Amino acid sequence: MSEISENEKKEAKQQFQVSRRGFLKTGAAAAAMSVMGAIAAPSKAANAAISNLSYKPAKGQWSKLRPENNYGGASVRFAEHNDQWLGTSKIVGPIQRSSEYDSGFTLALRGILGEKARWGFLTQTKRYPLTDGIGWAIAPISPDPIVMGTPSEEKLPIPDPEQMSQHIKDVAYYLRADEVGIGKMPSYAYYAFKQVPPQGLFPAGIVPPDTPISQVPNTEPELPYVITFAVEQHLETYMASTGYDGISVSQSFRSYHAVANIAVIMAQYIRRLGYNARAHHFGNYDLAVPPALIASGMGELSRTGDCVVHPRIGFRSKCGAVTTDLPLVPDKPIDFGLLDFCRVCKKCAENCPGQAISFDKDPVEQNGYLRWNSDMKKCATFRAGNDEGVNCGRCVKVCPWNSKEDSWFHEAGMWIGSKGETASSLLKSIDDIFGYGTETIEKYKWWLEWPELYKIKIPG
């Protein structure tokens, strides 16, 4: 028997996939939901401290602009802050603070991952013109005097901590955040060592490419609360993108710029109230964002190892933070069954062009807690060195929690997906039938391509 070509396989898969709109217009969608609902098993409680299902933040409402938080239909439970769990990730030993100097992109900048990765990272904005414009807009709000500052000597009168927490969330939404949470700042989320100059200044060309990179001990003051916020990357653009073409890096920078604006404005606002505040964004971080997000009730740690999935927008976003001593009431970490879902899905691992994401069924120990241990060096090498596009967001595109449109059908699906491994398996199968995340929908493609700019040029 002759071998089936890749094109024939692709055509067969496309013929098998069902039209989303055609499916939704028939009774098949409702029938599928009723079957899935009937077999859905209760989500396993990963954390013995998960409780208090009647938890209501800030005097019973999320904020004035958004009285109830939008979890996109997922079934959400709440976890207590404690020393044995990071949200739903089990802590099994001491957690050491990380060094920004050893992060993936910094390794690329230092030449540890090869010259192609180094020059690919340095030129990522230059290789797609729209990203160059956004990078220039991030750079001026990245230096230390912008993200840090001295609070006003006089403390202005403020409401009680619960009302102030509502207000801070409203400030974030007013500044165009898509999601926001408040957490007790985990001490181990602060960097032990900082990179000098900050990583985010290199792609914009603010510092010369041959500028020496060093690490210095992080001596910035630790503050008790962290406000985290997310801005979505554009859904229709991801639907039309491969996830690793030229627009993929603009998707990241677009949201990085938005959260950077929110971070520096909010931090300065809090300082004017008379309290300490430090902004954290792509151009200048003092902390590792994932544990801060988890502590703020913004999601659970996923199979990708570093990405925190929110039940409504997944990790199709970029996030920033403000640490502060402004009196606030922290939200609780959440559990919406993501660990069960990631155990059975594996779409990110199957579609990772850098083969960086683990296929292990269960999380493993890493630095004192359980997580899926993806290969950060492989990820950074591919993303920085990709010259068939610029950078990569393939895992963002294919994850079922990221690729859903705003519809009753998807909300029902997310509710099912948060109900245990059995239901997660069926939901993933339905996701595959529709081709969610793996297709490119040409009608949504609005951007221009200059593939001749993609190729990485190594000087000399």
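The values are calculated or read from the model by the stated rules, or taken from the named source; none is laboratory data. A quick note: this is a predicted structure, and the numbers were derived from the prediction, not measured. FYI the Cβ positions are ideal-geometry reconstructions off the backbone, even for glycines, and counts take in every protein chain you see.
Per-structure values
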{"quantity": "Members of segment 388-415 that are under 22 Å from the mean Cα position of the chain (by Cα), modelled with pLDDT under 75 and in a helix (DSSP H, G or I)", "calculated": "H410, E411, G413, M414, W415"}
{"quantity": "Any hit, segment 151-158, residues being assigned to a helix (DSSP H, G or I) and in contact (Cβ under 8 Å) with a residue 60 or more places away in the chain", "calculated": "no"}
{"quantity": "Output for segment 185-205, where each listed residue is part of a loop (DSSP other than H, G, I, E, B) and either in contact with a Ser or Thr (Cβ under 7 Å, 6 or more places away or on another chain) or over 30 Å from L328 (Cβ atoms) (or both)", "calculated": "M185, Y191, A192, P197, P198, F202, P203, A204, G205"}
{"quantity": "Subset tally (residues that are farther than 21 Å from L370 by Cβ and either of a type in the set (D, E) or part of a strand (DSSP E or B) (or both)) for segment 77-101", "calculated": "2"}
{"quantity": "Meets criteria (hydroxyl-bearing (S, T, Y), closer than 29 Å to P330 by Cβ, touching a Gly at 6+ places or on another chain (Cβ under 6 Å) and not in a helix (DSSP H, G or I)) for T228", "calculated": "yes"}
{"quantity": "Residue in segment 312-331 that is farthest from G368 (Cα to Cα), counting only those that are touching a Leu at 6+ places or on another chain (Cβ under 8 Å) and in a loop (DSSP other than H, G, I, E, B)", "calculated": "L326"}
{"quantity": "Inter-residue pairs, beta-carbon under 6 Å, first more than 20 Å from H234 (Cβ to Cβ) and in segment 436-460, second among the aromatic types (F, W, Y), 6+ apart", "calculated": "I456/W119; I458/W119"}
{"quantity": "Filtered residues of segment 174-203 (kept if closer than 16 Å to H257 by Cα and without any contact (Cβ under 8 Å) to a residue 60 or more places away in the chain)", "calculated": "none"}
{"quantity": "Residue, nearest to D362 (Cα to Cα), within segment 266-302, restricted to residues that are of a type in the set (S, T, Y) and under 14 Å from the mean Cα position of the chain (by Cα)", "calculated": "S302"}
